[in-house]
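As structure tokens, the structure follows; a few thoughts come after it.
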Amino acid sequence: MKLSVVIPVYGCRKALHELHRRLTDTLSTLTKDYEIVLVDDCCPQDSWGTIQEICSTDPKVKGLHMSKNFGQASAITAGVDNCSGEWVVVMDCDLQDRPEHIIDLYNKAMEGYDVVFARRAERKDSALTLFLSKTFYKVLSYYTEEKIDPTIGNFSISRRKVIDSYCRIREHNRAYQLFIQWLGFRQTAIELEADERYEGKSSYSFRKKLFFASSLIVSHSNKPLRASIKLGAVITGLSMLYILVLVIQKLMGYDYIAGWTSILASIYVMGGLILSTLGIIGLYIGNIFNEVKNRPIYIISEALNCENGVVEDCSID
């Protein structure tokens, strides 16, 4: 297999036929030896029915149906686990990533790169979405101590050895782009123009993005723990200094009348800091708990056109 295209599917059922047509036209100009892997992450629009139609007419399309919604990162993992291409493209299903740009990614990779990402020159998103995205990546860059470009998403092409290395990472809190960048190898990015979504809107609400961000930070960095230690040390130092000031005032004969307001304020501040620190520690313990259970990252309930593929955890028969 020369080229594999892995696409997690959620919330864009109407775009699938157009996506398949454009992918077929594009990939056939590169090679006749290709496959398309559509991973239905339990889409509420019943995208699986459309995937079944496509698979029935095109044997080059593999269809994977998740047993429940595991999330985009898990769906991508299911796709790359069950593809066999020498080169693997990962892209979204909403046609914001143009299938025609796979040729540009492939040609750049032929210059000797192991990974080529698409950098969206102009994202067709709202101002609020762009602001939240930039803020999220700045915070994530700080905590992970890695430079993360907010204009780069999952749309990329990777050599087989990179994908094999990615598949060996079995953490549950996953981010395809971050893991691929962490792996190293020879990487680059090229600017490509993106389109608007073919239909609907993103399923990532602010609440989901916030949860996703906190999970990634806890999974990729221990800086929050170090920050809580530093904060505790600073507060302890200030408290000791304040006690020293009180002792000096007492020795110098100053009358000091303690007020209820300052006492209560101190108690509330310290209580809040203690609870926050315990919460941060709890996140790490919860993350450890989820990992040591060693549950599968995904479960596939049905697979189409997978007879000659890798089919890891693909069949329930």
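The values are calculated or read from the model by the stated rules, or taken from the named source; none is laboratory data. In this text the structure is predicted, and so the values were computed from the model without any measurement. Cβ coordinates were reconstructed from backbone atoms using ideal geometry, including for glycine residues, and neighbour counts include every protein chain displayed. Remember, those area values only see protein heavy atoms, side chains included, never the ligands or the DNA or RNA. Shrake-Rupley method; radii C 1.70, N 1.55, O 1.52, S 1.80 Å.
Can you list which of the trypsin sites (Lys or Arg not before Pro) found in segment 23-115 are DSSP loop residues with at most 12 other C-beta atoms within 10 Å?
LYS32, LYS68
For segment 1-93, rounded, prolate or oblate, judged on the Cα gyration tensor with a ≥ b ≥ c (square roots of eigenvalues), a/c < 1.5 rounded, else prolate if a/b > b/c?
Since a/c reaches 1.5 but b/c is at least a/b, the shape of segment 1-93 is classed as oblate.
Listed here are the pairs LYS147/LYS223; LYS14/LYS108; LYS68/LYS138; LYS14/LYS62; LYS68/LYS147; LYS14/LYS161; which of them are more than 27 Å apart at the Cα?
In this structure, LYS14/LYS108; LYS68/LYS138; LYS68/LYS147; LYS14/LYS161 lie more than 27 Å apart at Cα.
Just to make sure I understand: if all protein chains stay in place, what is the order of THR236, THR135 by accessible area at 1.4 Å, largest first?
Per-residue accessible area, sorted high to low, gives THR236, THR135.
So what are the ³J(HN,Hα) numbers for segment 92-100, from phi and the Karplus equation (6.51, -1.76, 1.60; θ = phi - 60°), rounded to whole Hz, Gly and Pro as x?
With the stated coefficients, segment 92-100 comes to 7, 9, 8, 6, 5, 8, 6, x, 5 Hz.
With Cβ to Cβ distances under 10 Å as the rule, what net charge do the other residues near PRO99 carry (K, R +1; D, E -1)?
Counting the neighbours of PRO99, the net charge comes to -1.
For segment 1-48, taking Cα atoms only, what is the radius of gyration to one decimal and the Dmax to the nearest whole Å?
11.7, 34
Give, in nm to one decimal, the length gained when the segment between ILE274 and VAL234 is fully stretched (0.36 nm per residue of separation minus the Cα-Cα distance).
Full extension from ILE274 to VAL234 adds 13.0 nm.
If each residue of separation counts as 0.36 nm, what is the full-extension length gain between LYS161 and ARG119 once their alpha-carbon separation is subtracted?
Separation in residues times 0.36 nm, less the Cα-Cα distance, equals 12.9 nm.
List the residues whose amide H sits under 5 Å from the amide H of VAL37, counting only those 5 or more places along or on another chain, with H placed 1.01 Å from N in the peptide plane.
For VAL37, whose amide H was placed from the backbone, the distant partners under 5 Å are VAL5, VAL6, ILE7, LYS62.
On a 1.4 Å probe surface of the protein chains, which of ILE297, ILE285 comes out largest in accessible area, and what is the full order?
Largest accessible area first, the list is ILE285, ILE297.
Counting other Cβ atoms within 10 Å, keep those with at most 16, restrict to DSSP loop, and tell me which GluC sites (Glu not before Pro) in segment 86-121 are left.
For GluC sites (Glu not before Pro) across segment 86-121 that sit outside H, G, I, E and B with at most 16 neighbouring Cβ atoms in 10 Å, the list reads GLU86, GLU111.
Please work out whether segment 26-70 counts as rounded, prolate or oblate from its C-alpha gyration tensor, where a ≥ b ≥ c are the square roots of the eigenvalues and a/c under 1.5 means rounded, while otherwise a/b larger than b/c means prolate and anything else oblate?
Note, shape of segment 26-70 comes out prolate.
For ARG119, which sequence-distant residues (separation of 5 or more, or a different chain) have an amide H within less than 5 Å of its own amide H, given hydrogens modelled in the peptide plane?
ILE190, GLU191, LEU192
Put PHE131, PHE70, PHE185 in order of accessible area, largest first, 1.4 Å probe: what do you get?
PHE131, PHE185, PHE70
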